[in-house]
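The values are calculated or read from the model by the stated rules, or taken from the named source; none is laboratory data. Note that the structure is predicted; figures quoted are calculated from it, not measured. Here the Cβ positions follow ideal geometry from the backbone for every residue, glycine too, while neighbour counts run over all protein chains shown.
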Amino acid sequence: MEVNVCVGSSCHLKGAHAVINKFQEALGEAPVKIKLGASFCQGRCTEGVIVAIDGVIYERVSPDDVPSLVEKHRGGCGIR
Ligand code: FES
C-alpha cells in the first residue's frame, strides 16, 4: 500500500502531520506493508487534508479516518 499525505500549506494547517502520525502508528499494526510519503500541494486545498492511497484520492482526511482507510486498501498490492 502506497500512501502520500499532502503537506502543502493548507493541508499542514488542517492537520496533515497528525494524519501522518496516525499512518506511522499503523505501520506497526497493519497487516500490510505501507510505504508512507508526503506530497506538495495537490491543488485541492479547500478539501484537505488530501491523502492518496494507491492512486485513489481522499479528501478531508482526519486521523480518525486512518484505520478504516488502511482496512479498505489492505487487499491491494504490497501485501507482505
Ligand atoms: S495544500 Fe494540500 S491540496 Fe493544497
| Count - residues of region 22-80 that are exposed (fewer than 14 other Cβ atoms within 10 Å of the Cβ), at pLDDT 95 or above and among the basic types (Lys, Arg) | 1
| query | Which of the strands (runs of 3 or more DSSP E) contained wholly in region 1-56 include at least 1 residues that are within 11 Å of the ligand (Cβ to nearest atom) and over 10 Å from the mean Cα position of the chain (by Cα)? | reply | 35-39
